[in-house]
Amino acid sequence: MKVAMIFLSALVLLSLAGNTTADVVGKQANCNDATMRCPRNYDPVCGVDGITYANECSLCFENRARQVPVLIRKYGPC
């Protein structure tokens, strides 16, 4: 009985531990206000809006046009 209770407790803790990263919102893009153009390199970033941007600079230009800036969900394509 004691072993079953420990196993069940461990199972509950493991299932709860998997949800801890779901609340991560994103990372602010590193934007340089002096930049007038973006480089043409393809270094994709995935925005929290689900769109893949060619690079971090492209995301910055999109953010300048929006009222609410898009954060980086991850580096790489969505």
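The values are calculated or read from the model by the stated rules, or taken from the named source; none is laboratory data. Remember, it's a predicted structure, so these values are computed and weren't measured experimentally. Cβ sites come from the backbone with ideal geometry, for glycine too, and all protein chains shown count toward neighbours. To get the accessible areas, we keep the full protein, side chains included, count just its heavy atoms, and leave off ligands, DNA and RNA. Shrake-Rupley method; radii C 1.70, N 1.55, O 1.52, S 1.80 Å.
Annotations
- Cβ pairs under 6 Å, 6+ apart, first in region 58-78 and among the hydroxyl-bearing types (Ser, Thr, Tyr), second at pLDDT below 90: Ser58/Cys38
- When residues in region 34-51 are screened for being among the β-branched types (Val, Ile, Thr), part of a loop (DSSP other than H, G, I, E, B) and either surrounded by 15 or more Cβ atoms within 10 Å (Cβ to Cβ) or modelled with pLDDT of 90 or more (or both), 2 of them pass.
- Candidate set from region 52-78 (those that are open to solvent by 80 Å² or more (accessible area, probe 1.4 Å) and under 11 Å from the mean Cα position of the chain (by Cα)); member that is nearest to Val25 (Cα to Cα): Arg73
- Exclusive hit being assigned to a loop (DSSP other than H, G, I, E, B) and either touching a Gly at 6+ places or on another chain (Cβ under 6 Å) or at pLDDT below 95 (or both), set Cys57, Cys31: Cys31
- Odd one out for Val24, checked against (1) at pLDDT below 85; (2) more than 14 Å from the chain's Cα centre (by Cα): (2)
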